Amino acid sequence: MSTDALRRLTASEFTLFLRDKVGPIFGVLFPTALLSVFGNIDFFTDPANGIDGQPLLYTYTPILVGFVIAMLALNTLPPTLAGYREQGVLRRLRTTPVGPARVLGAQFAICLGTALVAVVLLLAVARFAFDVPLPRQPLAFALTALLAALALIGVAVLVAAVTPTGKAANAIGSVLFYVMMFFAGLWLPIQAMPAVLRHVSEATPLGAAVQALTDASAGHWPPAWQLLVLAGYVVVTALLGIRLFRWE
């Protein structure tokens, strides 16, 4: 019965997710569109302008994978969960057999499932449209992407836990998204950053994730510290989220 309730709730929440359009457009389609723009600019496809003799497009593909995960986690989860609490939805669910905790489970499943589809789409377009090699260490790539998703979902739940309204959660999530994307190398590749910024990047979940995804794409198993940073964020945000999250 509980599994059936979660399935029905997930289907309902997924319908709302599609209607909102933010996640499908900016989390799924926009990164692939951005990749296509980069792929049609000579500067990004000329190895002479790249890093380590590779086109910049190769460098930006793992960054755009991070973009997908961050957009879906930080720009959709916080306003949804905080908005539900603000509107009293979570409080009302506490009096039903469904229970408010299943809302978290449904949002978690939607975020992970959508991220999987978006990443596969991005890698497929990169490979077949622009000859970007698929990750040469696929297991490490998948593990890193999963840890990054769990870490950023944890950050998103934590934002929702400490903000009183959906608008505030949306604002904080957006700020965190842009800050994390900077340290993930969207505007300045991590390899080109000054040493101080590189060290800061290594301490952020998305910076560590992009570096590990880049290593896995090149065929290397990421250094243990990168995976430990991500795992640390998963554990810490989960514990804080459980402790601080309010249902009403």
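In table form, for the structure just shown:
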item	result
Residue among 241, 207 that alone is open to solvent by less than 10 Å² (accessible area, probe 1.4 Å), under 15 Å from the mean Cα position of the chain (by Cα) and either at pLDDT below 95 or farther than 30 Å from residue 87 by Cα (or both)	207
Within the stretch 190-204, tally of residues that are surrounded by 18 or more Cβ atoms within 10 Å (Cβ to Cβ) and assigned to a helix (DSSP H, G or I)	2
Near pairs, Cβ below 9 angstrom, 6+ apart or cross-chain, from the stretch 68-82 (more than 14 Å from residue 151 (Cα to Cα) and in contact (Cβ under 8 Å) with a residue 24 or more places away in the chain) to any residue that is outside any helix (DSSP H, G or I) and open to solvent by 10 Å² or more (accessible area, probe 1.4 Å)	79/165; 81/245; 82/164; 82/165
Residue satisfying condition, being more than 22 Å from residue 104 (Cα to Cα) and open to solvent by 30 Å² or more (accessible area, probe 1.4 Å), within set 11, 33	33
The stretch 180-194 residues that are more than 18 Å from residue 149 (Cα to Cα), paired with ones that are surrounded by fewer than 20 Cβ atoms within 10 Å (Cβ to Cβ) and not basic (Lys, Arg) (beta carbon under 6 Å, 6 or more apart)	191/51
Those helices (runs of 4 or more DSSP H) lying entirely in the stretch 53-130 with at least 3 residues β-branched (Val, Ile, Thr) and open to solvent by 20 Å² or more (accessible area, probe 1.4 Å)	101-130
Residues within the stretch 21-30 that are in contact (Cβ under 8 Å) with a residue 60 or more places away in the chain and surrounded by fewer than 16 Cβ atoms within 10 Å (Cβ to Cβ), tallied	0
Where residue 221 falls short, out of the listed (1) part of a helix (DSSP H, G or I); (2) open to solvent by 70 Å² or more (accessible area, probe 1.4 Å)	(1)
Residues of the stretch 36-48 classified as part of a helix (DSSP H, G or I) and open to solvent by 60 Å² or more (accessible area, probe 1.4 Å), total	5
Subset tally (residues that are open to solvent by 20 Å² or more (accessible area, probe 1.4 Å), within 23 Å of residue 120 (Cα to Cα) and not small (Gly, Ala, Ser)) for the stretch 136-164	8
Any hit, the stretch 173-183, residues being of a type in the set (Gly, Ala, Ser) and open to solvent by 40 Å² or more (accessible area, probe 1.4 Å)	no
So residue 17, is it open to solvent by 60 Å² or more (accessible area, probe 1.4 Å), within 17 Å of the chain's Cα centre (by Cα), touching a residue at least 24 places away in the same chain (Cβ under 8 Å) and over 21 Å from residue 210 (Cα atoms)	no
Test: residue in the stretch 165-172 that is part of a helix (DSSP H, G or I), under 25 Å from residue 141 (Cα atoms) and either touching a Pro at 6+ places or on another chain (Cβ under 9 Å) or open to solvent by less than 70 Å² (accessible area, probe 1.4 Å) (or both)	no
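The values are calculated or read from the model by the stated rules, or taken from the named source; none is laboratory data. Given the structure is predicted, the values throughout are model-derived calculations rather than measurements. Cβ atoms come from the backbone with ideal geometry, glycine included; neighbour counts cover every protein chain shown. Protein only, heavy atoms only, side chains kept; ligands, DNA and RNA dropped before computing areas. Shrake-Rupley method; radii C 1.70, N 1.55, O 1.52, S 1.80 Å.
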